[in-house]
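Each remark here refers to the structure printed beneath this line.
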Amino acid sequence: MTSAGEAIQKMQRKVQVTKPAKAAGLATGQCLCGKVSFEIDVPARWAWHDHSAASRRAHGAAYATYVGSWRKRFRITGGDLEIARYEDKTTKTVRSFCARCGTPISYERARSPHMVNIPRALFSGRTGRQPLYHIAIEELQEWAYTGEPLVPLKGFPGVVWQRSKRKKRPDHEGMF
């Protein structure tokens with residue numbers, strides 16, 4: 001049995017650039033600056049929205065949407081030397097990101113050493129899985145959009161907003 005430290009060290013090994021195994025297709029992605037690029041065989045294993053504080057902070061967003069892939073089906077195709085890693089010893093996770101632009105590249109957990117989780121937004125096309133699951137929904141922030149109806153903001157093309165609910169006026173009938 002390996003310790004958590006050994007499992008994290010195994011996750012930190014450089015991903016080998018290899019030819020893909022036969023799959024239904026490929027999904028490709030890259031970081032913001034384009035230095036780091038990668039691909040996965042599709043379909044991905046699964047996809048979900050993560051509302052946890054750790055993912056929220058790592059992405060600087062209300063929540064992060066991930067695509068899970070088997071490690072053997074994930075390949076870095078460019079910029080492997082540009083990848084930096086942050087190891088969280090408390091949660092036993094490793095988050096990889098582009099050292100040049102800061103884009104999160106992957107999220108790996110010691111308890112699932114055979115899986116790599118990649119931010120869905122980095123892919124240029126379909127991954128074969130839609131995010132149907134929500135993790136840590138109890139950590140959903142009160143300011144996060146939850147699907148309320150939105151309307152166009154007059155005078156600002158392309159901007160929509162959630163109109164505040166009108167307060168009901170008290171019935172003043174018979175006051176005068």
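For segment 67-75, just list the computed ³J(HN,Hα) in residue order, Karplus coefficients 6.51, -1.76 and 1.60, θ = phi - 60°, integers in Hz, with x standing in for Gly and Pro.
Computed from phi, the couplings for segment 67-75 are 10, x, 10, 4, 4, 5, 9, 10, 9 Hz.
I'd like the Karplus ³J(HN,Hα) series for segment 87-104: coefficients 6.51, -1.76, 1.60, θ = phi - 60°, whole numbers in Hz, and an x wherever there's a Gly or Pro.
9, 9, 5, 5, 8, 6, 10, 10, 10, 9, 8, 6, 5, 7, 10, x, 5, x
Around ALA47, what is the net charge, scoring Lys/Arg as +1 and Asp/Glu as -1 over all other residues with Cβ under 12 Å from its Cβ? If you can, show how the numbers build up before the last one.
Working: positive: ARG45, ARG120, ARG126, ARG129; negative: ASP50.
Net charge in that neighbourhood comes out at +3.
Mind listing which GluC sites (Glu not before Pro) in segment 120-165 are in a DSSP loop and have 11 or fewer other Cβ atoms within 10 Å?
Numbers: sites: GLU138, GLU139, GLU142; in loops: GLU142.
Filter output for segment 120-165: GLU142.
Using just the Cα positions, wrap segment 4-147 in a convex hull and report its mean projected area in square nanometres, one decimal place.
Working: hull surface 34.7 nm².
Seen from a random direction, the Cα hull of segment 4-147 projects 8.7 nm² on average.
Just so you know, all these numbers are worked out from the coordinates, no wet-lab data involved. If you're wondering where the values come from, they're calculated on a predicted model, not measured in any experiment. Using ideal geometry, Cβ is built from the backbone for each residue, glycine included, and neighbour counts are taken over all protein chains shown.
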